[in-house]
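Before any comments, here is the structure.
The values are calculated or read from the model by the stated rules, or taken from the named source; none is laboratory data. None of the values given here were measured: they were computed from a predicted structure. Because the Cβ atoms are built from the backbone with ideal geometry, glycine has one as well, and the counts that use them run over all protein chains shown. We work out accessible area using only protein heavy atoms, side chains counted, and drop any ligands, DNA or RNA first. Shrake-Rupley method; radii C 1.70, N 1.55, O 1.52, S 1.80 Å.
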Amino acid sequence: MFTLRKKRVGALLVFIVLIAAVFVWSIADTELAIALNGSDRVEIDYGETYEEEGAAGRLVERTFGQELFSIRPSVVQNDVRKEVGTYQIVYEVRFLFQKATAERTVVVVDREPPVIELAEQKDTELTPPGEPFQECGYRAVDNADGDLTDQVESREEDGRVTYTVTDSSGNTATAERIIRYIDTEPPVITLIGSEHMTLRTGETYNELGYTAVDQIDGDLTGQVVVEHQIDSQKPGVYEVLYTVADRSGNRAAAKRTVTVVSPSYDPSNNSGDKIIYLTFDDGPSPYTEKLLDTLDTYGVKATFFVTNGYPEYRDMIGEAHRRGHTIAIHTYSHDYSDVYSSKEAYYNDLDKMQEIIVEQTGETTTLVRFPGGSSNMVSRAYCKGIMSLLTRSLEEDGYHYFDWNVSSADAGGTTETSVVVDTVIKGCSGKRASVVLQHDSKGFSVDAVAQIIEWGLRNGYTFRALDENSPTAHHGVNN
Ligand code: ZN
């Protein structure tokens with residue numbers, strides 16, 4: 001019995017040892033493995049939550065690659081936070097004396113730029129033109145960095161302010177403010193080509209163009225409205241009207257005068273047919289500037305026999321010269337008792353006027369008209385025979401004196417503009433060359449000029465200023 005028991009125990013021991021040997025042998029031939037679920041590098045946006053995907057561990061038998069069993073890894077390190085940065089998660093599995101680890105990198109990135117908010121500009125904060133813009137406030141906030149207002153950079157250029165800010169991840173935001181200026185200045189319309197055009201009947205009016213610029217709004221050329229009612233079949237004076245307004249409602253206007261003339265009209269006509277020389281004595285006066293504007297309207301050149309009657313308007317002599325009119329000598333004093341008292345007195349008066357003309361125009365003139373004309377008889381009362389003497393002497397000295405062959409009746413015959421118009425028209429009708437006498441010292445006579453010119457243009461007359469070769473329309477000398 002005892003022997004039998006011993007034998008059994010012995011067999012059992014052998015069995016146990018065998019099992020243990022097999023077990024130890026099989027364990028020694030295993031490997032512990034760990035694998036991440038998902039990628040080993042995960043990028044998430046700032047504000048997004050990291051979802052842990054975990055890892056899997058297993059024990060594998062080496063010889064046949066057979067998985068013996070799986071083991072759940074534990075996370076031994078995880079410092080992932082919500083702030084922008086790079087973090088590590090470490091997973092580990094252990095089995096007896098074996099250990100395996102795996103790492104995952106988690107990157108929190110900020111791809112969202114900051115937001116710049118501009119304070120609304122109030123009307124009271126409008127910028128006066130030419131002055132720097134007064135900042136009226138802004139704020140910059142970033143999803144990750146928070147308030148970045150003090151890092152905003154602003155730059156003013158060409159009527160705009162540009163704001164820029166960059167967050168710590170390098171995301172840049174920009175905003176732009178258009179500066180609102182106080183604009184009280186209207187735009188400026190500039191006509192291309194002359195303000196006065198002449199068309200022959202039947203010719204088509206072609207717009208020569210224009211530009212419009214506003215100090216605040218810039219180029220407004222495209223917004224200019226052009227209006228006219230030119231009837232090129234009908235001689236007359238027409239206006240082309242140009243208007244434009246800036247954004248602040250400041251309006252600007254310009255006009256071009258288009259004169260439609262009958263086909264025989266030729267401003268460069270030198271042949272001598274149907275010419276009217278408008279001449280004006282006794283100025284410059286308070287009315288001369290208006291006369292110059294009227295003449296400009298029609299592109300007509302005239303002749304001014306000037307005096308020193310209104311010294312305060314003396315600069316109109318220079319102005320008339322600059323605008324292309326002829327400046328000629330009438331008299332300095334227009335005082336017959338002095339001017340015609342002697343040849344010396346006449347020349348003294350003439351020279352004084354010449355001096356003013358040189359001062360105003362930079363040039364001397366050789367064109368002269370006697371006070372009262374060469375046929376005046378009033379001179380006889382002061383010096384007998386003086387007109388005969390002066391007319392000869394002036395010619396010898398290189399001067400050319402002019403009288404007139406069309407009177408306007410403005411020297412005493414009338415004070416009515418309409419009478420001046422009628423008298424001049426009647427006087428010019430049928431003449432090949434008319435030297436018209438008017439006085440720009442008389443407002444009612446100056447007012448007649450536009451109608452006289454329109455009549456002349458419609459009827460094929462050419463208006464010219466006098467020069468040394470023009471007809472002199474001499475009167476007979478009576479003293
Ligand atoms: Zn006079």
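Comparing the stretch 361-452 with the 2.2 N^0.38 Å rule of thumb, its C-alpha radius of gyration ratio is 1.27 (two decimals).
Note on the stretch 142-291: Rg/Rh from C-alpha atoms, Kirkwood Rh, equals 1.31. Projecting the Cα atoms of A252, F370, G47 onto the dipole axis of the chain, where Lys and Arg carry +1 and Asp and Glu carry -1 at the beta carbon, places G47 farthest toward the positive end. Find the centroid of the Cα atoms in the stretch 5-31 and in the stretch 348-388, then give the distance between the two in whole Å. Using only Cα atoms, the two centres lie 155 Å from each other.
Using the Karplus relation 6.51 cos²θ - 1.76 cosθ + 1.60 with θ = phi - 60°, the per-residue 3J(HN,Hα) values for the stretch 38-47 come to x, 7, 7, 9, 10, 10, 10, 6, 4, x Hz, with x marking Gly and Pro.
Put simply, the convex hull of the Cα atoms in the stretch 30-109 casts, on average, a shadow of 5.3 nm².
How many percent of DSSP beta bridges within the stretch 199-340 run antiparallel, rounded to 5? Bridges in the stretch 199-340 are about 60 percent antiparallel. Per residue, the chain exposes an accessible area of 54 Å² to a 1.4 Å probe, with every protein chain left in place.
For the stretch 50-62, 3J(HN,Hα) computed residue by residue from phi via the Karplus equation (6.51, -1.76, 1.60; θ = phi - 60°) reads 6, 9, 6, 9, x, 9, 10, x, 7, 9, 10, 7, 6 Hz, glycine and proline entered as x.
Computed in the context of the full set of protein chains, the accessible area of the stretch 115-178 at 1.4 Å probe radius has 43% of its extent on carbon or sulfur.
Relative contact order, whole percent, for the chain stands at 11, derived from Cα pairs under 8 Å and 6 or more residues apart. Ignoring ligands, DNA and RNA, please state the percent of accessible area on the stretch 359-429 from carbon and sulfur, probe 1.4 Å. Reported share for carbon and sulfur atoms: 49 percent. Quick one: in the stretch 115-178, what % of C-alpha pairs are over 16 Å apart? Of all Cα-Cα distances in the stretch 115-178, 46 percent exceed 16 Å.
If you bin the C-alpha pair distances of the stretch 188-261 every 10 Å from 0, what whole percents do you get? Reading the bins upward from 0: 20, 46, 24, 10, 1. Comparing P128, Y310, C383 along the charge dipole axis of the chain, the residue lying farthest to the positive side is P128, per the Cβ-charge model. Over the chain, dividing the summed -39,500 (n - 2.57) contributions of all DSSP H runs of at least 4 residues by the number of residues returns a 222 nm mean residue ellipticity of -7000 deg cm²/dmol.
For the stretch 377-423, the share of alpha carbon pairs falling in successive 10 Å distance bins from zero is 22, 29, 30, 20, 0 percent.
In the stretch 173-255, Cα pairs under 8 Å separated by at least six residues give a relative contact order of 32 percent.
In summary, the stretch 275-464 shows an alpha-carbon radius of gyration equal to 0.99 times the 2.2 N^0.38 Å reference for compact globular proteins.
Annotation: lysines with alpha-carbon distance below 22 angstrom to K290 (same-chain offsets under eight excluded): K255, K301, K442.
Positive end of the charge dipole of the stretch 427-479 (Lys, Arg +1 and Asp, Glu -1 on Cβ, about the Cα centre): tell me which of Q438, H474, G460 has its Cα farthest that way. Selected residue: G460. Only alpha carbons enter this Debye calculation for the chain, each as an equal point scatterer, and the log10 of I(q)/I(0) it gives at q = 0.11, 0.12 Å⁻¹ is -0.99, -1.08.
Counting only residues at least eight positions apart within a chain, or on another chain, there are no lysines with an alpha carbon under 23 Å from that of K99. Here the chain is assigned +1 on the Cβ of each Lys and Arg and -1 on the Cβ of each Asp and Glu. Its dipole about the Cα centre then comes out at about 1780 debye.
Using a cutoff of 8 angstrom between alpha carbon atoms and counting only pairs six or more residues apart, the relative contact order for the stretch 281-404 works out to 22 percent. The stretch 106-162 and the stretch 309-330 have their alpha-carbon centroids 61 Å apart. Basic side chains Lys and Arg get +1 at the Cβ, acidic Asp and Glu get -1 at the Cβ, and with that the dipole of the stretch 165-248 about its Cα centre reaches some 80 debye. Lysines within cross-link reach of K384: Cα-Cα under 22 Å, excluding same-chain residues under 8 positions apart? K384 reaches K343. Between the alpha-carbon centres of the stretch 412-479 and the stretch 189-204 there is a gap of 26 Å.
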